[in-house]
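Notes to accompany the following structure.
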Amino acid sequence: MAPTYDIEQLLLSQPSVRTVAGVDEVGRGAWAGPVTVCAVVTDLSEPPAGLTDSKQVSVAKRAPLAAELAVWAAGVGFGEATHEEIDTLGMTEALRRAARRALESLPVRPDAVILDGKHDYIGAPWPVRLEVKGDAASISVAAASVLAKVRRDAYMGTIGCEEYGFAENAGYPSPVHQEALARLGPTPHHRLSWSYLDELPQWRHLKHHRDPLAGEGQASLFA
C-alpha cells in the first residue's frame, strides 16, 4: 500500500491545526556518524511517483527521488546530532535535539507533528502524533524518511575511512565494518559509548562512560 494523506487530513480537521509536519530519523542503530532527522511539510499535492518508506526504495532510486521531493515539498528541515552528542547525552536526547533542529529550520512552524515510531522523543511544545510504520502510511513521513536517508548516506560517503566501508554501510555494522573495527579500532567518527567496545578487548579502554543521568544505555549490537 502506498502512503496517503489520511493521517494529515485527520489532524488538519482540528480547528487549531493548519500545518502538519512529518518527521523521521535515520542513523539510530549505526555505530558511527550522526543521527539525522528530517521534517517535511506538504501542500497535500500528489507526491512524486514511487514515494514510500525509504527502506523499500532501491539505492539507485533514492537520490533521484530525494531530489524530486526537495522541489515538491512545501518545506523541508534537517537536523543532526553528532556522535559526540550521542556519547554525551544518550540517543533519546540526541534525537530530541536533532528533531527540534529539523522542525525549527522549517519555513513555517507546524501545528502538529506526525512522528514515525512508538516513542515520542520530541516532546513539548510540539503536539506529536505517534504512528508506528508511519513512513509507510503517511506521505509527509515517507518523504522525510527518504530525504533523511539520502542526506545521511551522502555525508557518510564523504568522511573517508575506506577500510570501514562507510560509503556502503553508512556506519552500520556490516561485516566489512566489524572486521575493520576489530583490526584497526574506532575512528574519530565512532560512537564510543556504544557497547560494541565491550566485546573488543583491545579497544575497550577507549569506551566513553557517560553519566547515567544524562540518558539511557545502549544494548549490545555486536554480532
**Report entry** the range 1-159 - percent of accessible surface contributed by carbon and sulfur, probe 1.4 Å
**Finding:** 55
Report summary line: With the dipole of the chain defined by +1 on each Lys or Arg Cβ and -1 on each Asp or Glu Cβ, the option from 9, 40, 182 whose Cα lies farthest towards the positive pole is 182
Report summary line: So for the range 5-158, using the alpha carbon gyration tensor with a ≥ b ≥ c as root eigenvalues (a/c under 1.5 gives rounded; past that, a/b versus b/c decides prolate or oblate), I'd call it oblate
**Report entry** Dipole magnitude of the range 5-158 about its Cα centre (Cβ charges: Lys, Arg +1; Asp, Glu -1), debye to nearest 20
**Finding:** 100
Query raised in the report: Based on DSSP H runs of at least 4 residues, each adding -39500 (n - 2.57), what is the mean residue ellipticity at 222 nm of the chain after dividing by all its residues, to the nearest 500 deg cm²/dmol?
Result: -10000 deg cm²/dmol
Query - Candidate residues 5, 196, 155, 172: accessible-area rank, largest first, probe 1.4 Å - result: 155, 172, 5, 196
Report summary line: Per GNM of the chain with C-alpha springs under 10 angstrom, the most fluctuating residue out of 138, 54, 105 is 105
Requested in this report: Compute the Cα gyration tensor for the range 162-206, then decide on rounded, prolate or oblate, letting a ≥ b ≥ c be the square roots of its eigenvalues: rounded whenever a/c is under 1.5, prolate when a/b is larger than b/c in the other cases, and oblate in all that remain.
Outcome: prolate
Report summary line: Relative to the chain, whose Cα atoms define the longest principal axis, helix 91-104 and its Cα axis are tilted in degrees, nearest 10, by 40
Report task. Determine the shape class of the range 82-136: with a ≥ b ≥ c the square roots of the Cα gyration tensor eigenvalues, call it rounded for a/c under 1.5, and otherwise prolate if a/b is greater than b/c, oblate otherwise. Result -> oblate
Query raised in the report: Ranked from the most accessible area to the least, with a 1.4 Å probe and all protein chains present, what is the order of 159, 86?
Result: 159, 86
Query - Cα lying deepest toward the dipole's positive end in the chain, options 23, 54, 122, charges on Cβ - result: 122
Report summary line: Taking Lys and Arg as +1 and Asp and Glu as -1, residues besides residue 14 with C-beta under 13 Å from its C-beta add up to 0
Requested in this report: May I ask for the angle, rounded to the nearest 10°, between helix 59-72 and the longest principal axis of the chain, with both axes built from Cα atoms and the value confined to 0 to 90°?
Outcome: 40
**Report entry** Per DSSP, loop trypsin sites (Lys or Arg not before Pro) in the range 105-184 with at most 10 further Cβ within 10 Å
**Finding:** 118
Report summary line: Once the in-chain neighbours fewer than 8 apart are removed, the lysines whose Cα is under 17 Å from residue 61 read 149
Query raised in the report: Taking the Cβ of residue 181 as the center, what net charge do the other residues with Cβ under 12 Å away carry, scoring Lys and Arg +1 and Asp and Glu -1?
Result: -1
Report task. Only loop residues by DSSP count here, and only those with at most 16 other Cβ atoms within 10 Å; note down the trypsin sites (Lys or Arg not before Pro) in the range 15-87 that meet that. Result -> 18, 28
Query raised in the report: Quick one: helix 175-184 against the long Cα principal axis of the chain, what's the angle to the nearest 10°, folded into 0 to 90?
Result: 40
Report summary line: Note to self: C-alpha centroids of the range 16-63 and the range 151-206 sit apart, in Å, by 25
Query - Protection-proxy order for peptides 89-98, 64-73, each taking the mean of Cβ atoms within 10 Å per residue, highest first - result: 89-98, 64-73
Report summary line: the range 25-72 accessible area per residue, 1.4 Å probe, protein heavy atoms, integer Å², reads 44
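The values are calculated or read from the model by the stated rules, or taken from the named source; none is laboratory data. What you see is a predicted model, and the numbers here were worked out from it, not measured in a lab. Backbone-built Cβ (ideal geometry, glycine too); neighbour counts: all protein chains shown. Quick note on the areas: whole protein, heavy atoms, side chains included, nothing else; ligands and nucleic acids left out. Shrake-Rupley method; radii C 1.70, N 1.55, O 1.52, S 1.80 Å.
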